[in-house]
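The values are calculated or read from the model by the stated rules, or taken from the named source; none is laboratory data. Bear in mind that the values here come from a model prediction, so they are computed numbers and not experimental data. Cβ placement follows ideal geometry from the backbone for every residue including glycine, while neighbour counts extend to all protein chains displayed.
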Amino acid sequence: MQKALVAKAPDFTRQLFRRSLPRERGFEPLEVEGRLPAGLDGTLFRIGPGRFDIAGAPYAHPFDGDGVITAMRLSGGRAAGAARTVRTAGLEEELRAGKILYGDAAPWLRRLRNAHGGGGKRTPNTSVLPWQGRLLALNEGGGPVEVSPVDLETLGETDLDGVIRGAFCAHPHRVAAAGVTWNIGLEYGPSSRMHIYALPDAGAATCIHTLTPPYSPLVHDFAATQSHLVFFISPVRINMLRHVLQLGGFSELFDWRPREGTEVVVVPVDRPQDAVRFTVEPFFQWHFANAFHLGDEIVIDYVRFEDLAPLKALRSEDSSAPFRDARCHRALVDPKRKTFRSEALSGQGCEFPRVHPGMEGRRHGILWLARGDLRAIIGLDPETRRETVYELPSGQWASEPVFVPQPGAGADQERDGYVMTLCHDDARDAGMVMLLDAQDIAAGPLARVWFRDYVTPAFHGHWVAADAGEREKILHYF
Ligand SMILES: [Fe+2]
């Protein structure tokens, strides 16, 4: 009986957001199965919660997990990989103390002290932002933490020279045509505020405007066109009393108030004070895929839930539970007439929508998604609604697909490139990055790049193409 248990392949869904990264590692050579595309030089950076305890005492919620960045670097047809925990000041303090000092698992008196000016801990575990050669690890609950893109060593917490006031969300959007990355940050209090930040490709970051939401909302992501930002503020209220008193777990912090509806906020970036706001039916979303103008309307593709159930399902043993009822939608918003209509593009549960990075803010023709059960990658044409699917072999699990343009290809060539996703393989109990040809994902991977052992799952990430200088710096890893 014991032997049978040992021989049984580990089930990834039971480890998801529970099992900490077993081995920190700098870049080390990785096994390549198949053929890496010629000329594809750069690094895929991915991040997710990857440490869930201090000295064996577990954190209260997977979202409290310390961020682990997993990186796969390609150069000259070879691959190297690294995985490191982001060593925030709060984590260092907890490791020195040998116990949890922050979050809902901290002792009650310590939580009270934290809530009343005793400090907090940043947990950048949701996404990474490559910006001006820097790499920022992000989580909407706090400010960014800078990490070296060369070796993943933590460089320290930053507020971008005093510009960021409080938190900085994990879904910045770079509009290539404008040369600007947009982001927001919520500042919670008796009267919560939402700051809008512009991070230009060159020059200093600025805060361009501050909106006042009617209450303390949960805003995870937004959409950016070439001239407007669009927010869907779902009727999720953060219970500030529970938050301040540090009562209850993460899921209990949120109240679903469907009768209040979802507020649509359309912000012209050159006249942010002229934002248009109106309320529509209640729904919830984590993620937007893209947005663009079509006549008087703004077209917005996003993944929609009908209520807050996915937040409550995050602790489920069933990995597909949080995403089962998520549907990729297309909304048409007319800010002049204050109209909104939204329609499902697919009947499949799905999440983690992405487009070609050069298409952000422009009319796109293909969306890349992970199927809700994390067992397939989907390419969805939002206009014809035609889907192409690559289903992973049994025992392999996918995550967010990241589109990687073919070097030298124009942004208009939306399928000229690769779809990369960090996977887990039960039989090897190891991480793996799968490379699909975006022209035909159904044909299966061009290559699988294997980590030597388990790496923790990741929410989001980016591909950063290597320039000549970076190639010089990274050559010694191969
Ligand atoms: Fe996200």
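Remarks
- Inter-residue pairs, beta-carbon under 9 Å, first among the aromatic types (F, W, Y) and in the range 334-347, second surrounded by fewer than 18 Cβ atoms within 10 Å (Cβ to Cβ) and modelled with pLDDT of 95 or more, 6+ apart: F340/F278; F340/V280; F340/E281; F340/L332; F340/D334
- Residue pairs meeting the criteria (Cβ under 7 Å; at least 6 apart or on separate chains; first closer than 22 Å to V303 by Cα, in the range 208-224; second charged (D, E, K, R) and not in a strand (DSSP E or B)): H220/E140; A224/E360
- Qualifying positions in the range 187-202 - surrounded by fewer than 21 Cβ atoms within 10 Å (Cβ to Cβ) and under 18 Å from L218 (Cβ atoms): E187, Y188, G189, P190, S191, S192, R193
- Scope the range 168-185; condition hydrophobic (A, V, I, L, M, F, W, C) and away from the ligand (no atom under 14 Å from the Cβ); matching residues: V175, A176, A177, A178, V180, W182
- When the range 410-425 is filtered for residues that are surrounded by 18 or more Cβ atoms within 10 Å (Cβ to Cβ) and either in contact (Cβ under 8 Å) with a residue 60 or more places away in the chain or in contact with a Cys (Cβ under 9 Å, 6 or more places away or on another chain) (or both), the ones remaining, listed by number, are G417, Y418, M420, L422, H424.
- Tallying residues that are of a type in the set (A, V, I, L, M, F, W, C) and in contact with a Phe, Trp or Tyr (Cβ under 6 Å, 6 or more places away or on another chain) within the range 97-129 yields 2.
- Complete set of residues in the range 153-181 that are within 21 Å of D221 (Cβ to Cβ) and in contact with a Lys or Arg (Cβ under 8 Å, 6 or more places away or on another chain): A177, V180, T181
- The residues of the range 217-230 that are more than 16 Å from the ligand (Cβ to nearest atom) and surrounded by fewer than 21 Cβ atoms within 10 Å (Cβ to Cβ), listed by number, are Q226, S227.
- Scan of the range 165-177 for residues that are more than 16 Å from H356 (Cα to Cα) and surrounded by fewer than 21 Cβ atoms within 10 Å (Cβ to Cβ), ordered by number: R165, G166
- Of the residues in the range 38-53, at least one is touching a Ser or Thr at 6+ places or on another chain (Cβ under 6 Å), in contact (Cβ under 8 Å) with a residue 24 or more places away in the chain, within 20 Å of Y418 (Cα to Cα) and not in a strand (DSSP E or B).
- Count - residues of the range 266-293 that are buried (at least 20 other Cβ atoms within 10 Å of the Cβ) and of a type in the set (S, T, Y): 0
- Considering the range 113-142, and only residues there that are away from the ligand (no atom under 16 Å from the Cβ) and in contact (Cβ under 8 Å) with a residue 40 or more places away in the chain, the residue that is surrounded by the most Cβ atoms within 10 Å (Cβ to Cβ) turns out to be L135.
- Per the listing D66, D11, the residue uniquely buried (at least 18 other Cβ atoms within 10 Å of the Cβ) and either at pLDDT below 95 or charged (D, E, K, R) (or both) is D66.
- Test: residue in the range 336-348 that is of a type in the set (V, I, T) and within 26 Å of F232 (Cβ to Cβ): yes
- Subset of the range 69-104 that is of a type in the set (D, E, K, R) and within 18 Å of P49 (Cβ to Cβ) - its residue that is surrounded by the fewest Cβ atoms within 10 Å (Cβ to Cβ): E92
- Boolean, T388 is surrounded by fewer than 22 Cβ atoms within 10 Å (Cβ to Cβ) and part of a strand (DSSP E or B): yes
- Across the range 442-469, the number of residues qualifying as closer than 22 Å to V389 by Cα and among the β-branched types (V, I, T) comes to 1.
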